[in-house]
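Read the figures in this text as sums done on the coordinates, not as results from a lab. Because the structure is predicted, anything quoted here is derived from the model rather than measured. Every residue, glycine as well, gets a Cβ built from its backbone with ideal geometry; the counts of neighbours run over all protein chains shown.
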Amino acid sequence: MKIVEGKLQVVPGKKVAIINSRFNHIITDRLVEGAKDAYLRHGGNEEDLELILVPGAFELPLALERVLASGKYEAVCCLGAVIRGATPHFDYISAEATKGIATMALKFNKPVAFGLLTVDTIEQAIERAGSKAGNKGAEAMVTLIEMINLYREIQA
Ligand code: INI
């Protein structure tokens with residue numbers, strides 16, 4: 001049986017964008033650090049990586065649409081952190097961001113990684129931004145690298 005899967009090696013010369021949400025930046029800056037570190041450790045060049053900042057998670061799909069429509073990027077890693085508060089706001093923001101990111105990935109048929117934390121507490125966010133539960137930004141970037149290579153394998 002032939003197995004088709006993506007390598008964990010950055011494709012040289014292809015631009016990759018990170019879109020990060022500034023809201024809860026104490027957390028999301030750590031996700032960017034993790035994503036950048038993963039990209040470089042898997043053979044990427046810093047010049048091929050661009051960071052695009054948006055105000056909050058709700059804006060992630062809006063910027064993603066523009067970024068993918070520009071045709072400049074091979075793939076996009078979306079990062080952010082939605083932390084539950086006392087009102088239903090969390091549910092609306094996290095649902096719209098999640099649905100919007102998936103919709104844009106399918107519309108433009110490009111690899112897109114989902115590195116949006118949706119957590120109940122700040123402690124859960126800290127755990128996932130470079131402490132005891134790892135760094136979800138790094139995990140999202142590794143997934144993105146695999147999917148870039150998988151798309152190429154399937155197209156070939
Ligand atoms: N944006 C986030 O990224 N995380 C949050 O936890 C959050 N909360 O809780 O409000 C949040 N809100 C801002 C939102 O994403 C938009 O930027 C804002 O509504 C303006 O469109």
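Taking amide H positions as placed in the peptide plane 1.01 Å from N, state which residues far from Gly130 in sequence (5 or more) or on other chains have amide H under 5 Å from it.
Asn135, Lys136
Taking θ as phi - 60°, what are the ³J(HN,Hα) couplings along the stretch 15-26 by the Karplus curve (6.51, -1.76, 1.60), each to the nearest whole Hz, with x for Gly and Pro?
Coupling constants for the stretch 15-26: 6, 10, 9, 9, 10, 10, 8, 6, 4, 6, 5, 4 Hz.
What's the magnitude of the charge dipole for the chain around its Cα centre, counting Lys and Arg as +1 and Asp and Glu as -1 at the beta-carbon? Answer in Debye, nearest 20.
Numbers: 18 positive and 19 negative charges, 64 e Å.
Around 300 debye, computed over the chain.
Taking N as the number of residues in the stretch 1-109, what is its Cα Rg relative to 2.2 N^0.38 Å? Let's see the in-between values first.
Details: Rg = 15.1 Å, N = 109, 2.2 N^0.38 = 13.1 Å.
That ratio works out to 1.16.
Using each residue's phi in the stretch 129-136, evaluate 6.51 cos²θ - 1.76 cosθ + 1.60 at θ = phi - 60° and report the 3J(HN,Hα) Karplus result to the nearest Hz, with x for Gly and Pro.
10, x, 10, 5, 9, x, 10, 6
Say the dipole of the stretch 16-155 comes from +1 at the beta carbon of Lys and Arg and -1 at that of Asp and Glu; which of Thr28, Thr98, Gly71 then lies farthest toward its positive end?
Thr98
In debye, nearest 20, what is the charge dipole magnitude of the stretch 96-138 about its Cα centre with +1 on Lys and Arg Cβ and -1 on Asp and Glu Cβ, if you could check?
Working: 6 positive and 4 negative charges, 57 e Å.
Once rounded to the nearest 20, the dipole reads 280 debye.
Taking the Cβ of Glu46 as the center, what net charge do the other residues with Cβ under 15 Å away carry, scoring Lys and Arg +1 and Asp and Glu -1?
On the way: positive: Lys14, Lys15, Lys36, Arg41; negative: Glu33, Asp37, Glu47, Asp48, Glu50.
Charge balance near Glu46 sits at -1.
Can you list the trypsin sites (Lys or Arg not before Pro) in the stretch 61-116 that are in a DSSP coil and have 10 or fewer other beta carbons within 10 angstrom? Display every interim value, and only then the final one.
On the way: sites: Arg66, Lys72, Arg84, Lys99, Lys107; in loops: Lys72, Arg84.
Passing both the DSSP loop test and the Cβ count: Lys72.
Sequence-distant or interchain residues sharing an amide H contact under 5 Å with Gly6, placed H: which?
Leu150
For the stretch 59-146, what does the alpha-carbon gyration tensor say about shape, rounded, prolate or oblate, given a ≥ b ≥ c as the root eigenvalues, a/c under 1.5 as rounded, and a/b over b/c as prolate? Walk me through the intermediate numbers first.
Working: a/c = 3.02, a/b = 1.39, b/c = 2.17.
Because a/c hits 1.5 or more and a/b fails to exceed b/c, the stretch 59-146 counts as oblate.
Given the pairs Lys99/Lys132; Lys107/Lys136; Lys7/Lys107; Lys99/Lys136; Lys72/Lys136, which are separated by over 21 angstrom at their Cα positions? Each step should come with its number before you reach the end.
On the way: Lys99/Lys132 28 Å; Lys107/Lys136 25 Å; Lys7/Lys107 24 Å; Lys99/Lys136 19 Å; Lys72/Lys136 25 Å.
Beyond 21 Å: Lys99/Lys132; Lys107/Lys136; Lys7/Lys107; Lys72/Lys136.
How large is ³J(HN,Hα), in whole Hz, for each residue of the stretch 56-65 in order, when computed from phi with the Karplus curve 6.51 cos²θ - 1.76 cosθ + 1.60 and θ = phi - 60°, using x for Gly and Pro?
With the stated coefficients, the stretch 56-65 comes to x, 4, 4, 7, 4, x, 5, 5, 4, 4 Hz.
For Ala75, enumerate residues with amide H under 5 Å from its amide H, sequence gap 5+ or separate chain, H modeled in the peptide plane.
Close amide H contacts, sequence-distant or interchain: Ala17.
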